[in-house]
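Have a look at the structure below, then the notes.
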Amino acid sequence: MTKRTTLTQMISLGAALWMPTAHAAGLITPGYVWVGAAGEAGSGAAATAANVAGAMGIGATSTGTAGAGTTGAGVGTPGTSAGAIGQPGAIVGGAIAGGSASANANAANGSQGSLPSQGGTGAAPPFSMAQTIAAALQSSADIQTATRNVEIDRKRGDEASAAGRPNVAASGTFERFDQATLVRIGSGPAIQVTPTHQEILQLSISNRFDLSGQIRAASSQARLQSLSDEFILGEFRNARILRAQSIYFNTLRAEHQVQVANAALRNAKQQESDAAKLYVGQIGAKIDLLRAQTQVANANQNVTAAENSLAIAQTNYNNLTGRPLDAPVAVLDVPGVTVGDDISVSSSVGAAATPAPTPYSVPIGEIAAISIPQALQTAKTRRPEILAAQVNIRVAETGIKLARAGLDPSLSLNAGGNYYPTPSFQFPRQRTLQITATLSIPLYDGGATRDRVDEARLRTENARTSLASTETDVELDVRQSYLNQATAARQIDAANAALNSAIAARQLAQIRYQGQVGLYLEVTDAQAALVQAENAQVDAVYNYLVSHAQFENAVGTPQSP
């Protein structure tokens, strides 16, 4: 008989039984309600000794016959059998069974609650991959700095161009003397040469003619450098997208590994229940019961480790997207991905006989359709590192022309006018105008220009070498990422086959043990192999998804938000 418990009852009873570390039906984690269906309590056989039912931790309450038929009312270990709430820290919903418990009870193992990635009760709206990438790009300090560097280089280009435009300047001076300056010639009257004050207003216009093209070259170099920085910005952007994809997939990986750990815990508790039933019926050995209890303890530890790994993955996700580090994280899984406990859910003994979903596999044509020569050609035209290196060669070549400026002639034209509000003997005219043309032809600068030109040529050679090295690195990156992707795709099929084998072996070992034709050690070995196969399949799928993202990044066509 199955007894269902409402959410309110689970919250109140869960808080009373397991408040220190358990999720307590959603009371611990803000924004989430871990809802699990109530387990089923069995009827069970009477114990042969009072210390078996209760003291051994078989159930919350057990009825046994000891000696003259007295009742042994020991209290069992919470979370191991009937009447117990879900394991501390586990995602297993607080399953509670009413009535008396027995060695055949299933109440400790409630249905699994909703995961954040599945949009469970009370969960925040999950993030998609596109939203994750957009948030990661927006929160990147490197991208913000690179964006400003592009703008800085544009301003430098405008500054270089300004050298070839006319410059206009205006100035004014006012001088006051202690007394006027007088000059007397012979016995004639005194002539005032400089009054007690003097004002001068000046206006000048100058223009430098770009005879040798140095101004155009400087402006072009600055704009080319701006273009190079734009490609560097693209490089940072692609790297950020790859990081966002990797963290996104690793978060999903950690969630599924928590599923696997909780499924292993439920199976371990079921095995403990079976071992206790056989021991109470004097069929099984005490060592089997002790092994079962040890297996439950180990499964609890694995759940804790998996949840810690999930918490770390979620913290990394929040750090990536610029959210508070302790904010709840919910992400959408990749469509069509069924891994881990999603595949092996039917392996649990006592579970409903439902056909297992089709495991995730990579379409054969997806890998076969990749052309390495075409991928390399795409990378050479799309990878920002190569494009930036090509522009840097042009920047260095322009630097050679600029280095020759020390021996190039220059021509400038200046026009100016003065206005004297108070004319005097020294400045008899109230307005003056002058035009000056200056032609400068350097003859010898001690070899400084020659050294600057040689330096610029060496920088150009370095830029060409850097381009060749970058092209080699990109080709190596493309080939390696392709091989990693192809290997990861094949590992998925192998992991699926191993998981199917482990599911069958686990079911067979459990049936053999329940029928007393197999050893309990077979069950524990089969369960350990199943957990390993489940985790291997989870790793295989998300390793492929990460390697696929790495290949797209290597080709220069990462996913856009």
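Structure summary
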read-out: Selection status of Ile200, surrounded by 13 or more Cβ atoms within 10 Å (Cβ to Cβ) and in a strand (DSSP E or B); value: yes
read-out: Any hit, segment 159-168, residues being touching a Lys or Arg at 6+ places or on another chain (Cβ under 6 Å), aliphatic (A, V, I, L, M) and without any contact (Cβ under 8 Å) to a residue 24 or more places away in the chain; value: no
read-out: Given (1) over 60 Å from the mean Cα position of the chain (by Cα); (2) of a type outside the set (Lys, Arg); (3) farther than 30 Å from Pro409 by Cβ, number of the condition Ile152 does not satisfy; value: (1)
read-out: Some residue of segment 487-498 being surrounded by 12 or more Cβ atoms within 10 Å (Cβ to Cβ), at pLDDT 90 or above and touching a Leu at 6+ places or on another chain (Cβ under 7 Å); value: no
read-out: Some residue of segment 302-318 being touching a Gly at 6+ places or on another chain (Cβ under 7 Å), assigned to a helix (DSSP H, G or I) and not hydrophobic (A, V, I, L, M, F, W, C); value: yes
read-out: Unique match (being of a type outside the set (Val, Ile, Thr), crowded, with 19+ Cβ neighbours inside 10 Å and modelled with pLDDT of 95 or more) among Arg240, Arg266; value: Arg240
read-out: Flag for Thr251 being in contact (Cβ under 8 Å) with a residue 60 or more places away in the chain, surrounded by fewer than 20 Cβ atoms within 10 Å (Cβ to Cβ) and closer than 27 Å to Leu545 by Cβ; value: no
read-out: Flag for Ser371 being among the polar types (S, T, N, Q), at pLDDT below 80 and either touching a Pro at 6+ places or on another chain (Cβ under 8 Å) or exposed (fewer than 12 other Cβ atoms within 10 Å of the Cβ) (or both); value: no
read-out: Subset of segment 481-534 (residues that are closer than 25 Å to Ala292 by Cβ, part of a helix (DSSP H, G or I) and free of Cβ contacts under 8 Å to residues at least 24 places away in the same chain); value: Ala504, Leu508, Ala509, Arg512, Glu522, Asp525, Ala528
read-out: Total residues in segment 379-416, condition of a type in the set (S, T, N, Q) and over 20 Å from Leu227 (Cα atoms); value: 3
read-out: Lone qualifier among Ile143, Ile133, Ile152, Ile96 - being modelled with pLDDT under 90 and out of contact with any strand residue (DSSP E or B) (no Cβ under 9 Å at 6 or more places or on another chain); value: Ile96
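One line per residue, one yes/no per condition, for (1) modelled with pLDDT under 80; (2) in contact with a Leu (Cβ under 8 Å, 6 or more places away or on another chain):
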| site | (1), (2) |
| --- | --- |
| Val329 | no, no |
| Val334 | no, yes |
| Ile343 | yes, yes |
| Ala351 | yes, no |
| Pro357 | yes, no |
| Ile364 | yes, no |
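The values are calculated or read from the model by the stated rules, or taken from the named source; none is laboratory data. Fair warning: this is a prediction, and the values are worked out from it, not measured in the lab. Note that each Cβ is placed from the backbone with ideal geometry, even for glycine, and that neighbours are counted across all protein chains shown.
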